[in-house]
Amino acid sequence: MTPSERRAVVIANRLPVAWNGKKKEWKTSPGGLVSALTPILQETKGVWIGWSGVPDREFEPFDHSGIRQVPVFLSQEEYESFYVGFCNGTLWPLYHDAVREPQFHRHWWRPYRDVNQKFAETAAKTLTSEDVAWVQDYQLQLVPKMLRELTTVHRIGFYLHIPFPPVELFAKMPWRGDVLEGLLGADVLAFQSRSSRTNFSVAARELVGARGSTRLLEWEGREIILQVAPIGIDTTMFKRHASSEVTLATAELIRSRLGDPKIVVLGVDRLDYTKGIDLRMRALQTLLDRRPDLAGDVVLVQIAVPSREDVAEYRKIRRDIEGLVGRINGDLAQVGRPPIHYLYRSVPFDELIAYYRAADVMLVTPLRDGMNLVAKEYVASRYDNTGALILSEFAGAAEQLTQALLVNPYDLNGLADMLERSVAMSQDEQARRMSLLRGSVARHDVFWWAERCLAPLGIE
Ligand code: ADQ
């Protein structure tokens, strides 16, 4: 069998389609991962295994966009303990530098293990010894080992979309050995950044006795490749939409609705405590306190997508941020000219790109982020080399986007300084930095990423 004939079987927490209960149909979920993998899965007659997103509801396997979709059933109870509990209450904060206290509960761990087993068993029914299994993300870290026990699949790959934490933090997790052994079941483990790969290698050597280096580990008589494969976006598609007349007209309209300020600063994030939304608002406040002459000239638009509202910490961060917006606007607004415009909603793709076009400065300030695609989407939309990107050093993207204005988001004065610098940045400096950034984002797009991940698994 040649590499191009090998079937790729993606195993992810969610299917690439979502069930619309009213219309009783499946709709493709937008996103880079789906658009990158769709052609590969179509060509190789691949399969996607994942949860439908609807608890307590059985769905039969079906075909969508030329791809076989195999839904995994999750009960409401499993959704709460596996997904809301262990995935989002334990792993998410632990893997993001414990910026919130991770909760360690045995009654969440057991369902995590059982749900991983269920995914592995569903996949095992489909996988043949010629296939490649490609497991995605932190929800399914035990699946590689389980697949090795249940199948004779050609190769097993795993991709971690979020950071892998330093061993000092990871070591706190009572089930650290099970998680490491689960991951070491893969042939190739891929990470967003060099630091995540190093952290994993150290943890595997120190905590379960794997041998080897940052790039190659030996475990139970097998070799495991550790790869760095930063995820990218479909840059051509972003450029095309960003330069359309409709987008440019919408961008103008956005600026005029904001009162035609001199500088529009933009933040776009899922509303998550890892994204540093509060810190960027406080930095703006610091800047306006320091430079009252900028009031009215500089406005921040923050678009926050509702996220994980079933998790208590997320309801709290929403309240905190909305309180902060109220306080800052209360302190600093002139009538009709608030310094912060806050939108709590998901905006359609076309409108999102118009915001990227309307923004002079993009503020991306996560406390920790696997990659951060928003930073790359902004860069890809600045086809005319205008605009400035302020980027946290703690986003995976900072390893690639070295021409951004890199900041430590915890340093409020430093962040305010950088904001001040960005609003005054000359056209020449903007163009020099942006053209280098655009080159980097275009070279490492989502198709480059998919190829980089799949080639060592035997798919070309
Ligand atoms: P996320 O934490 O969700 O992803 P990010 O990489 O920024 O973070 O991706 C968010 C996506 O949602 C972007 O494509 C963006 O366009 C979209 N989006 C954000 N706000 C939006 C809004 N208001 N309206 C509409 N769309 C919006 C996780 C990891 C990241 C990693 C990705 C991919 O946490 O570190 O980069 O997976 O691997």
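General remarks:
- Residue within the stretch 433-446 that is away from the ligand (no atom under 16 Å from the Cβ), among the basic types (K, R), in contact (Cβ under 8 Å) with a residue 40 or more places away in the chain and touching a helix residue (DSSP H, G or I) at 6+ places or on another chain (Cβ under 8 Å) present: yes
- Contacts under 8 angstrom Cβ, first residue in the stretch 378-397 being of a type in the set (F, W, Y), partner assigned to a helix (DSSP H, G or I), 6 or more apart: Y378/Y356; Y383/K239; Y383/A242; Y383/R438
- Residue in the stretch 196-220 that is farthest from Q400 (Cα to Cα), counting only those that are hydroxyl-bearing (S, T, Y) and crowded, with 17+ Cβ neighbours inside 10 Å: S201
- Subset of the stretch 103-148 that is more than 26 Å from M173 (Cα to Cα) and acidic (D, E) - its residue that is farthest from the ligand (Cβ to nearest atom): E130
- Count - residues of the stretch 334-343 that are surrounded by 15 or more Cβ atoms within 10 Å (Cβ to Cβ) and part of a strand (DSSP E or B): 4
- Here I224, I254 are screened, and the one residue that is at pLDDT 95 or above, more than 16 Å from the ligand (Cβ to nearest atom) and either among the hydrophobic types (A, V, I, L, M, F, W, C) or in contact with an Asp or Glu (Cβ under 6 Å, 6 or more places away or on another chain) (or both) is I224.
- Those helices (runs of 4 or more DSSP H) of the stretch 114-207 in which 2 or more residues are among the basic types (K, R) occupy 143-150.
- Within the stretch 59-82, considering residues that are at pLDDT 95 or above and in a loop (DSSP other than H, G, I, E, B), the one nearest to D131 (Cα to Cα): P61
- Answer residue from the stretch 369-386, given it is away from the ligand (no atom under 16 Å from the Cβ) and of a type outside the set (D, E) and is nearest to the chain's Cα centre (by Cα) among those: Y383
- Number of the condition not met by V407 [criteria: (1) of a type in the set (A, V, I, L, M); (2) within 15 Å of the ligand (Cβ to nearest atom); (3) under 21 Å from the mean Cα position of the chain (by Cα)]: (2)
- Within the stretch 272-327, the set of residues being over 28 Å from the mean Cα position of the chain (by Cα), not small (G, A, S) and not in a helix (DSSP H, G or I) comprises R291, D297, V298.
- Members of the stretch 344-371 found to be touching a residue at least 60 places away in the same chain (Cβ under 8 Å), surrounded by fewer than 21 Cβ atoms within 10 Å (Cβ to Cβ) and among the hydroxyl-bearing types (S, T, Y), listed by number: Y344
- Single residue of the stretch 260-278 satisfying the filter (within 12 Å of the ligand (Cβ to nearest atom) and of a type in the set (A, V, I, L, M)) that is surrounded by the most Cβ atoms within 10 Å (Cβ to Cβ): I277
- Filtering the stretch 162-172 to residues that are surrounded by fewer than 20 Cβ atoms within 10 Å (Cβ to Cβ) and in contact (Cβ under 8 Å) with a residue 12 or more places away in the chain leaves P166, V167, L169, A171, K172.
- Residue within the stretch 229-239 that is without any contact (Cβ under 8 Å) to a residue 60 or more places away in the chain and either buried (at least 18 other Cβ atoms within 10 Å of the Cβ) or within 18 Å of the chain's Cα centre (by Cα) (or both) present: no
- Qualifying positions in the stretch 355-370 - closer than 20 Å to S435 by Cα and touching a helix residue (DSSP H, G or I) at 6+ places or on another chain (Cβ under 6 Å): Y356, R357, A358, V361, M362, L363, V364
- If you filter the stretch 332-360 down to residues that are closer than 30 Å to A98 by Cβ and under 21 Å from the mean Cα position of the chain (by Cα), you find that the one that is nearest to the ligand (Cβ to nearest atom) is S346.
The values are calculated or read from the model by the stated rules, or taken from the named source; none is laboratory data. Keep in mind that this is a model prediction, so the values were computed, not measured. Cβ: placed from backbone, ideal geometry, glycine included. Neighbour counts: every protein chain shown.
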